[in-house]
């Protein structure tokens, strides 16, 4: 089987995979300049058959409009894209799926919707290559964006993906790794959730929990609302009975 794949991008990973029948692009970068680089490299590699958007966040969609091929995403991702303030600049997916979609391009390409990081989050898996693109289900080497997270779903998704036969795992942000980066992201999320709950159990108010987390995690100022949202989500009743493998 072909082994050719390229991962581009300084802050957001956009990937190009060459199959025997043509090229697949997985996410299309965060900026116009990076999107043009993705488009140039993809078309240099061959005929682009499909673009796959792993989820609805705009930093992965900037180059969609450059491509004339079908664009694939989960149905939920497309629905959320239509709510985006950047809707006028987004080329929306033209093919959607509910849970799974399989492409047959001389090899199987399996796209699976999980949610978790956001409502539309999906992964792209090349089983014969043992190659897995997980989008923003993994931020490797940095604090993940958790502003709209469903922590239970996200952790469960990572736990399932840890059982898949994959040697190479491409995250949405950060360096490519192996299955160890799936485990590391799951443990980070479990630790974060448990830390928030432990701080709350001491009687701290929301603002005091926020301050304590800022002392522990490096979070850029424009992501402070994200942290507030995550605290509120974790302390909601729907998470009260979750049991995690990892405890502080």
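Values quoted throughout were computed directly from the atomic coordinates according to the rules given, and no laboratory measurement underlies them. In this text the structure is predicted, and so the values were computed from the model without any measurement. Using ideal geometry, Cβ is built from the backbone for each residue, glycine included, and neighbour counts are taken over all protein chains shown.
Quickly run through region 55-70 and pick out the residues that are outside any helix (DSSP H, G or I) and within 26 Å of residue 148 (Cα to Cα).
Across region 55-70, the qualifying residues are 55, 56, 57, 61, 62, 63.
From the list 30, 91, which residue is part of a loop (DSSP other than H, G, I, E, B), within 15 Å of the chain's Cα centre (by Cα), farther than 23 Å from residue 126 by Cα and without any contact (Cβ under 8 Å) to a residue 60 or more places away in the chain?
The match here is 30.
When the residues of region 68-91 are filtered to those that are within 23 Å of residue 18 (Cα to Cα) and in contact with a helix residue (DSSP H, G or I) (Cβ under 7 Å, 6 or more places away or on another chain), which remaining residue is surrounded by the fewest Cβ atoms within 10 Å (Cβ to Cβ)?
Applying the filter and picking the extreme gives 91.
Quick check on region 106-127. Is at least one of its residues assigned to a strand (DSSP E or B), surrounded by fewer than 23 Cβ atoms within 10 Å (Cβ to Cβ) and more than 15 Å from the chain's Cα centre (by Cα)?
yes
Is one or more of the residues making up region 143-158 loosely packed, with under 15 Cβ neighbours inside 10 Å and either more than 15 Å from the chain's Cα centre (by Cα) or over 21 Å from residue 235 (Cβ atoms) (or both)?
Scanning region 143-158 turns up no residue that is loosely packed, with under 15 Cβ neighbours inside 10 Å and either more than 15 Å from the chain's Cα centre (by Cα) or over 21 Å from residue 235 (Cβ atoms) (or both).
In region 205-236, which residues are farther than 15 Å from residue 193 by Cα and not in a helix (DSSP H, G or I)?
205, 215, 218, 219, 220
Can you name the number of the only condition in (1) closer than 22 Å to residue 5 by Cα; (2) touching a residue at least 40 places away in the same chain (Cβ under 8 Å) that residue 149 fails?
Failing condition for residue 149: (1).
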